[in-house]
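Shown next, in structure tokens, is the structure this report addresses.
The values are calculated or read from the model by the stated rules, or taken from the named source; none is laboratory data. Bear in mind the structure is a predicted one, so any value in this text is a computation, not a measurement. Here the Cβ positions follow ideal geometry from the backbone for every residue, glycine too, while neighbour counts run over all protein chains shown.
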Amino acid sequence: MFQLNYRDTRPFYEQIKDNLRQLLITHSIHENEKLPSVRELASTLTINPNTIQRAYRELENEGYIYTVPGKGTFASSANSSSQTKRQKDLLTRFDDLVAELLFLSVPVSDLCDHVLRTAERRGNS
């Protein structure tokens, strides 16, 4: 699935979150696909299960995954209502980045082109 970078300064749970989020965003993990159990992933990565649990809990709060008691943890659909807060957070960060890029004199047309190219690569044009 992925490996942890022991030289990375970020905590393991953040690396796990980022790796899983990337797999979900790129559709390497499909909607409603079952994720490895906490124990299974902890064993694979040879880390404490609490670390995996924390990453799963935060991804669930962000709307990327959901848990069915007794069944496991699954990838959320791209349009789940729980992702609204995450969308708002990301749009706020996006606004801040755009404001900084404009301050650095990046032309608006370049920003628009960049957004369009990214959408085309994702098939969202």
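Can you name the residue in the range 50-102 that is assigned to a helix (DSSP H, G or I), surrounded by 12 or more Cβ atoms within 10 Å (Cβ to Cβ) and of a type in the set (A, V, I, L, M) and is also modelled with the lowest pLDDT among such residues?
Residue satisfying both the conditions and the ranking: Leu90.
Does Ser37 fit the bill of being of a type in the set (Gly, Ala, Ser) and modelled with pLDDT under 95? Break it down into steps so the answer makes sense when it comes.
On the way: of a type in the set (Gly, Ala, Ser): yes; modelled with pLDDT under 95: no.
Judged against the criteria, Ser37 is not a match.
Being among the hydroxyl-bearing types (Ser, Thr, Tyr) and touching a Phe, Trp or Tyr at 6+ places or on another chain (Cβ under 9 Å) narrows it down to one of Thr44, Thr51, so name that one.
Sole residue among the options that is among the hydroxyl-bearing types (Ser, Thr, Tyr) and touching a Phe, Trp or Tyr at 6+ places or on another chain (Cβ under 9 Å): Thr51.
Looking at this structure, is Ala42 under 24 Å from Asn5 (Cβ atoms) and under 15 Å from the mean Cα position of the chain (by Cα)?
Taking the combined requirement at face value, the residue does not satisfy it.
So, in the range 45-82, exactly how many residues are of a type in the set (S, T, N, Q), closer than 20 Å to Pro11 by Cα and under 14 Å from the mean Cα position of the chain (by Cα)?
1
Name the residue that is modelled with the lowest pLDDT, counting only residues in the range 40-49 that are loosely packed, with under 14 Cβ neighbours inside 10 Å and not in a helix (DSSP H, G or I).
Within the range 40-49, the match that is modelled with the lowest pLDDT is Thr46.
Across the range 17-35, what is the number of residues that are touching a residue at least 24 places away in the same chain (Cβ under 8 Å) and part of a loop (DSSP other than H, G, I, E, B)?
Selection size over the range 17-35: 6.
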